[in-house]
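Trainee: Please see the structure below; I have some questions.
The values are calculated or read from the model by the stated rules, or taken from the named source; none is laboratory data. Quick caveat, the model's predicted, so the values are computed rather than measured. In this analysis, Cβ positions are derived from the backbone assuming ideal geometry, glycine residues included, and neighbour counts consider all displayed protein chains.
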Amino acid sequence: MEYARRTGLRFSDWLRDQAEPAWTRAVEHRFTHEIADDALDESVFKRYLTNEYSFVVTAATLLGYAIAKAPSMDEKARLAEGLRGLTTEQWAFFMRAFEALGIPEAIWSAPIEDPDVLAFRDTTIRAAAHGGYEEALATMLAAEWMYATWSQRAHRRHPRHPYYAEWIALHVTPEFEGHAAWLRDRLDHYGPLLPPYRQAEVVYIFRRTLELEVAFHEAAYRT
């Protein structure tokens, strides 16, 4: 499993290859196609948004751990920009969507009970809290690169539902795509320097995050 530069692959590309079939299952999940084609039942989208809102808090925590572990002030500042976007643009989207779609605060603020959503939260926080900087980067990259990938495809289909379209558009902005590209660059830099056992751990975290993303999206279809 050890990464070898001689393959010519970027470390992040090698990570993605090592994560199959979880990567393909995540970017090709039925949710990603149904939302793009206006075929997603709105009740599924409402459950997804409620679960995703709970994960915004988790993502902010992940970024906090990464900021604490980043080795340079430049990297801390770049991660802080991602945290700002999460707690402003995305947060504002949820508030508007909840009101427009008639999702009361009693629903979106209630503690999450779905085991797959909880597993996603607990596993990613544990990786960021107890792993190294590279492990924190890996769990964030898995989620952001996956979202940027399927959202690029979905954006080209121009869904008519305003909140489907806006949710997709949030993940194809220059800022979001730039942050995903920056995470790739940082792992491309640090990953090859890790000893083999740490590289294996980063692969595991990257792949496990994608597996949990699949289960997270499946949770929205359960009534």
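Trainee: Please give the number of the condition residue 186 fails out of (1) buried (at least 18 other Cβ atoms within 10 Å of the Cβ); (2) among the basic types (Lys, Arg); (3) within 20 Å of residue 24 (Cα to Cα).
Mentor: Here residue 186 clears every test but (3).
Trainee: Within the stretch 121-138, count every residue that is loosely packed, with under 14 Cβ neighbours inside 10 Å and not in a helix (DSSP H, G or I).
Mentor: Adding up the residues that qualify gives 0.
Rundown of residues vs (1) crowded, with 19+ Cβ neighbours inside 10 Å; (2) at negative phi; (3) touching a residue at least 24 places away in the same chain (Cβ under 8 Å), yes/no style:
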| position | (1), (2), (3) |
| --- | --- |
| 23 | yes, yes, yes |
| 61 | no, yes, yes |
| 72 | no, yes, no |
| 88 | no, yes, no |
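Trainee: Of the residues 118, 141, which single one is closer than 21 Å to residue 215 by Cβ, without any contact (Cβ under 8 Å) to a residue 24 or more places away in the chain and either part of a helix (DSSP H, G or I) or of a type in the set (Ser, Thr, Tyr) (or both)?
Mentor: 118
Trainee: Can you list the helices (runs of 4 or more DSSP H) lying wholly within the stretch 1-94 that have 1 or more residues being at pLDDT 95 or above and among the aromatic types (Phe, Trp, Tyr)?
Mentor: Per the criteria, 11-18, 22-27, 30-36, 42-69.
Trainee: Also, I was wondering about something else. Mind checking which residues of the stretch 105-128 are small (Gly, Ala, Ser) and within 17 Å of the chain's Cα centre (by Cα)?
Mentor: 119, 127, 128 - these are the residues of the stretch 105-128 that are small (Gly, Ala, Ser) and within 17 Å of the chain's Cα centre (by Cα).
Trainee: Then there is this: Among the residues in the stretch 148-164, are any surrounded by fewer than 13 Cβ atoms within 10 Å (Cβ to Cβ) and either in contact with a strand residue (DSSP E or B) (Cβ under 6 Å, 6 or more places away or on another chain) or in a helix (DSSP H, G or I) (or both)?
Mentor: Yes, that holds for at least one residue.
Trainee: Just to verify a result, which residue in the stretch 191-223, among those that are part of a helix (DSSP H, G or I) and free of Cβ contacts under 8 Å to residues at least 60 places away in the same chain, is nearest to residue 148 (Cα to Cα)?
Mentor: In this case the residue turns out to be 204.
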